[in-house]
Amino acid sequence: MIETRSRWEGDRVPKNLLRLSVGLEDTDELWADLEQALSKA
C-alpha cells in the first residue's frame, strides 16, 4: 500500500512524502508489484 501526505496533518511531514507499507510476502513478488505500479504512474 502506498499512502500520500494527505493522510497526516502538520508541517513536520514533507509534502512529497510517500509511505510504502509491505506485508510478509516473497521479496521478488514485492519488487515485481512495485515495478508494475511505478510503470503505470
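Of the numbered conditions (1) modelled with pLDDT of 75 or more; (2) among the hydrophobic types (A, V, I, L, M, F, W, C); (3) exposed (fewer than 10 other Cβ atoms within 10 Å of the Cβ), Trp31 satisfies every one except a single condition; which is it?
The single condition Trp31 does not satisfy is (3).
Considering each of Glu9, Glu3 in turn, give the residue that is in a loop (DSSP other than H, G, I, E, B), among the acidic types (Asp, Glu) and either at pLDDT below 85 or exposed (fewer than 10 other Cβ atoms within 10 Å of the Cβ) (or both).
Glu9
In segment 22-40, what count of residues is obtained for those that are part of a helix (DSSP H, G or I) and within 14 Å of the chain's Cα centre (by Cα)?
Within segment 22-40, residues that are part of a helix (DSSP H, G or I) and within 14 Å of the chain's Cα centre (by Cα) number 10.
The values are calculated or read from the model by the stated rules, or taken from the named source; none is laboratory data. Just so it is clear, the model here is predicted, and its values are computed rather than measured. When we count neighbours, we look across all protein chains shown, and the Cβ atoms used for this are built from the backbone with ideal geometry, even at glycine.
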